[in-house]
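**Q** Can you read through this structure? Questions will come right after.
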Amino acid sequence: MTTPGSQKDFWDRLQIILSPLGGLLTAVAVASLGFIGSRALERQQSNEAKLRLYSELMTRREESEATLRKEMFQSIIGSFFDAQSSSLDSRLLKMELLAQNFHEALNLVPLYEHIQREIDRSSMSAAEKRVYSSRLGDLAREVTRKQMIILEASGRRHDWTVLFADSLLDGVASEQLEDVEAALDGIRRRFRVTLSGADTVRRELRIGLEIETPEQPGVSPNAVGRYSVDFDVGFFSTPMIDNTRLSNDQRAAIVLSDMNQYGATLSLVYFPGSRASLREKPYYEEILRKLTDTATGRP
């Protein structure tokens, strides 16, 4: 038979035995937490150090690249307008360097057209003129192809193949292409393209572009409606620079990829303004709208 006194003695002895063990376990727990916290802090500091090093290396790399591009641009553009540099082949080579390295920042259409006029006015044979003109046209199409790859990755594209009617070539009638509906970043628009003229010698099309933006969430009431613009598009036009600015910091461009005396192949590309030329800066209200959307968690 167990008496209350013996039970009390049992619990007292058990408390005496477990008290040092509890202290030991507490010490082990505190040491373990300290070790784990120290390791986590070391990993965080190591990651931050790596991130700072990476950022510093990237900044130095960008500064070096910017300096190199600046010196390269000054050298090319300075010699391009040098009166002593009269060789057409030399000018075309410099044009290739400019177009391949600075097509995202410069509107090179005036230089393209200037060299084309020099080719047309030169005293060389017709065969040699065709060689130089083809070289210039191939350069322009290659630049456009590179830009289209970038724009298609984040935008929408639609292609048409058009056969020219005599009335279109004569400029007495227009031809309306199939309408295109596209959505980008939740914004739906309808595009209507009309051909009002075709110059097969200069290989240019006269384009009428109508953009309709219906009422929808995320679009300002001022941006709802139809917008029309007329322009010429040729092989020298580049979509990153030769484009139409839309609401919500978006762009639309028409690209001429092929053309002869019988017809043409052209494309519509609808893309965000972040993919436009480096010289195409967003308006302040667009920046404020994006900051507001970010703060409120809207996409």
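**Q** Residues that are in contact (Cβ under 8 Å) with a residue 12 or more places away in the chain and surrounded by fewer than 14 Cβ atoms within 10 Å (Cβ to Cβ): find the strands (runs of 3 or more DSSP E) completely inside the stretch 193-267 holding 1 or more of those. Full working, then the answer.
**A** Numbers: elements: 204-213, 225-234, 244-246, 250-259.
Where strands (runs of 3 or more DSSP E) fall fully within the stretch 193-267 and carry at least 1 residues being in contact (Cβ under 8 Å) with a residue 12 or more places away in the chain and surrounded by fewer than 14 Cβ atoms within 10 Å (Cβ to Cβ), they are 225-234.
**Q** Take the conditions exposed (fewer than 15 other Cβ atoms within 10 Å of the Cβ), among the hydrophobic types (A, V, I, L, M, F, W, C) and in contact with a Pro (Cβ under 9 Å, 6 or more places away or on another chain) and apply them to residue 172. Does it pass?
**A** No: the conditions fail for residue 172.
**Q** Now a separate question. For the stretch 173-192, what are the residues that are closer than 21 Å to residue 156 by Cβ and in a strand (DSSP E or B)? First the steps, then the outcome.
**A** Of the stretch 173-192, the ones closer than 21 Å to residue 156 by Cβ are 176-192.
Scanning the stretch 173-192 gives 176, 180, 181, 182, 183, 184, 187, 188, 189, 190, 191, 192.
**Q** Got at least one residue in the stretch 163-170 being modelled with pLDDT under 90 and assigned to a strand (DSSP E or B)?
**A** No, the stretch 163-170 contains no residue that is modelled with pLDDT under 90 and assigned to a strand (DSSP E or B).
**Q** Kindly check whether there is at least one residue in the stretch 135-156 that is outside any helix (DSSP H, G or I) and in contact (Cβ under 8 Å) with a residue 60 or more places away in the chain.
**A** Yes, because at least one residue in the stretch 135-156 is outside any helix (DSSP H, G or I) and in contact (Cβ under 8 Å) with a residue 60 or more places away in the chain.
**Q** Pull out all pairs, ordered by first then second residue, where Cβ-Cβ is under 6 Å, the residues are six or more apart or on different chains, the first lies in the stretch 108-134 and is of a type in the set (D, E, K, R), and the second is part of a helix (DSSP H, G or I) and loosely packed, with under 14 Cβ neighbours inside 10 Å.
**A** Here the result reads none, with nothing in the stretch 108-134 linked to a residue that is part of a helix (DSSP H, G or I) and loosely packed, with under 14 Cβ neighbours inside 10 Å.
**Q** Now for a separate question. In the stretch 268-285, is there at least one residue being within 26 Å of residue 147 (Cα to Cα), at pLDDT 90 or above and polar (S, T, N, Q)?
**A** For the stretch 268-285, residues within 26 Å of residue 147 (Cα to Cα), at pLDDT 90 or above and polar (S, T, N, Q): absent.
The values are calculated or read from the model by the stated rules, or taken from the named source; none is laboratory data. Bear in mind that the values here come from a model prediction, so they are computed numbers and not experimental data. Here the Cβ is made from the backbone with ideal geometry for all residues, glycine too, and neighbour counts use every protein chain on show.
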